[in-house]
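> Structure in structure tokens, see below.
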Amino acid sequence: MNRQVEERAVELGEYIIKNQATVRSTAKIFGVSKSTVHKDVSERLKELNKNLYYEVKNILEINKSQRHIRGGLATKKKYLK
């Protein structure tokens, strides 16, 4: 694996943990696609740093369980304007 890709995967994982960030917000901050973030933290990170991978996985599971709530709030906000 390319050294830059490895470093990016670790950096993305650390950012997600530090900020409790979603894949979408992380992608926006780092200027990469959501697919890239997801692949880095769900596949590449598992090979590079298992502890970091499991921490990120827990945060992403929490985000996934709350996704429908955030979507509903966004829709409500949209139609209140």
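> Right, GLU43: in contact (Cβ under 8 Å) with a residue 12 or more places away in the chain and surrounded by fewer than 17 Cβ atoms within 10 Å (Cβ to Cβ) or not? If you could, list the steps in order and put the result at the bottom.
On the way: in contact (Cβ under 8 Å) with a residue 12 or more places away in the chain: no; surrounded by fewer than 17 Cβ atoms within 10 Å (Cβ to Cβ): yes.
The answer is no for GLU43.
> Would you confirm, using the coordinates I've provided, whether TYR79 is of a type in the set (Phe, Trp, Tyr) and free of Cβ contacts under 8 Å to residues at least 24 places away in the same chain?
Details: of a type in the set (Phe, Trp, Tyr): yes; free of Cβ contacts under 8 Å to residues at least 24 places away in the same chain: yes.
Here the answer is yes, as TYR79 does meet what is asked.
> Test VAL56 against the criterion of being within 16 Å of the chain's Cα centre (by Cα), touching a residue at least 40 places away in the same chain (Cβ under 8 Å) and on the phi < 0 side of the Ramachandran plot, and give yes or no. If you could, list the steps in order and put the result at the bottom.
Working: within 16 Å of the chain's Cα centre (by Cα): yes; touching a residue at least 40 places away in the same chain (Cβ under 8 Å): yes; on the phi < 0 side of the Ramachandran plot: yes.
Yes; evaluated as a whole, the condition is true for this residue.
Bear in mind that the values in this text are calculations on the coordinates, not laboratory data. These numbers were taken from a predicted model, which means no experiment stands behind them. FYI the Cβ positions are ideal-geometry reconstructions off the backbone, even for glycines, and counts take in every protein chain you see.
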